[in-house]
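The values are calculated or read from the model by the stated rules, or taken from the named source; none is laboratory data. This is a predicted model, so every value here is computed, not measured. Virtual Cβ from ideal backbone geometry, glycine too; neighbours counted across all protein chains shown. Side chains included, ligands, DNA and RNA excluded: accessible areas come from the protein's heavy atoms. Shrake-Rupley method; radii C 1.70, N 1.55, O 1.52, S 1.80 Å.
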Amino acid sequence: MAIKRRDLGAGHHFLYNDILMNEPTVEMFSREFWQIHNKITGMAKGRGTTVFIEHEQQNWVLRHFMRGGLVGKLLSDQYFFLGVKRSRPFEEFQLLRYMLAHKLNVPTPIGAYIHRHGFIYRGDLITQNIPNSHDLHHILTRRALNPEQWRKVGQAMADMHRCQVYHHDANIRNILMDDAEKVWIIDFDRCHKRRGHHWKKDNLARLLRSLRKEQANNPRFFWQNADWQHCMDGYHGN
């Protein structure tokens with residue numbers, strides 16, 4: 001992966017993989033640009049809108065960084081500028097690079113972009129789409145996972161923790177499984193490397209809460225408490 005940085009005037013900053021993105025432009029990080037060129041293949045709603053793009057025989061995912069919670073109601077997509085390297089898109093890009101170097105199943109970063117205006121910036125990230133995959137919420141509202149598949153979910157969490165990566169929002173919508181039953185973890189906004197081990201049980205507890213919440217909220221949800229033990233067996237390498 002050949003990583004380059006590009007800084008333009010008026011507060012525009014890019015970090016990109018020049019093998020997968022020839023030269024970034026502001027327009028490439030705009031949903032409207034891809035709509036005009038009829039390149040959008042799908043969208044997904046979250047805090048903001050995630051856009052799926054087909055470009056030069058590649059499949060990309062464009063995500064605009066949005067705040068959540070009460071702060072999000074006031075500032076929406078605005079963040080305080082503490083330096084280009086400390087911006088959320090740049091930090092996530094570099095964290096993905098680190099995890100890929102350690103053979104983790106995470107999205108490949110294509111390009112990060114921020115636009116700074118005074119003490120405020122807005123940002124976007126483009127990653128490669130993970131083909132033939134669905135998140136666990138999608139899967140579990142349609143069918144159950146078998147014990148071996150649950151062990152693979154636990155193994156993916158263990159692999160991430162062995163690299164000392166903390167996931168800020170380890171819920172079932174951020175864990176994907178593809179047609180080959182390979183498990184992927186996505187959305188590393190506000191995630192980072194962390195020392196020690198005490199925080200890892202909190203990551204796992206967040207995932208368990210996510211499963212129980214969706215079980216309560218969905219009339220059809222193919223999960224039971226016994227499945228959690230299979231997940232933990234995979235986590236502990238049993």
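Report yes if some residue within the stretch 67-79 is in contact with a helix residue (DSSP H, G or I) (Cβ under 7 Å, 6 or more places away or on another chain), open to solvent by 20 Å² or more (accessible area, probe 1.4 Å) and over 30 Å from ASP179 (Cα atoms); otherwise report no.
Taking the stretch 67-79 as the starting set, the residues that turn out to be in contact with a helix residue (DSSP H, G or I) (Cβ under 7 Å, 6 or more places away or on another chain) are 67, 79.
From the residues that got through so far, the ones that are open to solvent by 20 Å² or more (accessible area, probe 1.4 Å) too are 67.
Right, trim to over 30 Å from ASP179 (Cα atoms) and you get 67.
The answer is yes, given that some residue of the stretch 67-79 is in contact with a helix residue (DSSP H, G or I) (Cβ under 7 Å, 6 or more places away or on another chain), open to solvent by 20 Å² or more (accessible area, probe 1.4 Å) and over 30 Å from ASP179 (Cα atoms).
Across the stretch 96-138, what is the number of residues that are assigned to a helix (DSSP H, G or I) and more than 11 Å from the chain's Cα centre (by Cα)? Even if it seems obvious, please write down each step before you answer.
Going residue by residue through the stretch 96-138, those that are assigned to a helix (DSSP H, G or I) are 96-101, 136-138.
Remaining after also requiring more than 11 Å from the chain's Cα centre (by Cα): 97-101, 136-138.
So the count comes out to 8.
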Tell me whether the stretch 52-60 contains one or more residues that are buried (at least 18 other Cβ atoms within 10 Å of the Cβ), under 28 Å from ARG194 (Cβ atoms), within 17 Å of the chain's Cα centre (by Cα) and in contact (Cβ under 8 Å) with a residue 60 or more places away in the chain.
no
Does any residue of the stretch 116-125 turn out to be closer than 18 Å to THR50 by Cβ, open to solvent by 60 Å² or more (accessible area, probe 1.4 Å) and either among the hydroxyl-bearing types (Ser, Thr, Tyr) or modelled with pLDDT of 95 or more (or both)?
yes
When you check HIS161 against the structure, is it surrounded by 15 or more Cβ atoms within 10 Å (Cβ to Cβ), modelled with pLDDT of 95 or more and within 18 Å of the chain's Cα centre (by Cα), yes or no?
yes
Test set (1) in contact with a Phe, Trp or Tyr (Cβ under 8 Å, 6 or more places away or on another chain); (2) more than 22 Å from ASP178 (Cβ to Cβ); (3) free of Cβ contacts under 8 Å to residues at least 40 places away in the same chain - THR49 fails condition number
(1)
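The rows are residues; the columns are (1) at positive phi; (2) touching a residue at least 40 places away in the same chain (Cβ under 8 Å); (3) out of contact with any strand residue (DSSP E or B) (no Cβ under 6 Å at 6 or more places or on another chain); (4) of a type in the set (S, T, N, Q).
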site: LEU136; (1), (2), (3), (4): no, yes, no, no
site: ARG143; (1), (2), (3), (4): no, yes, yes, no
site: ASP169; (1), (2), (3), (4): no, no, yes, no
site: HIS197; (1), (2), (3), (4): no, no, yes, no
site: LYS201; (1), (2), (3), (4): no, no, yes, no
site: LEU208; (1), (2), (3), (4): no, no, yes, no
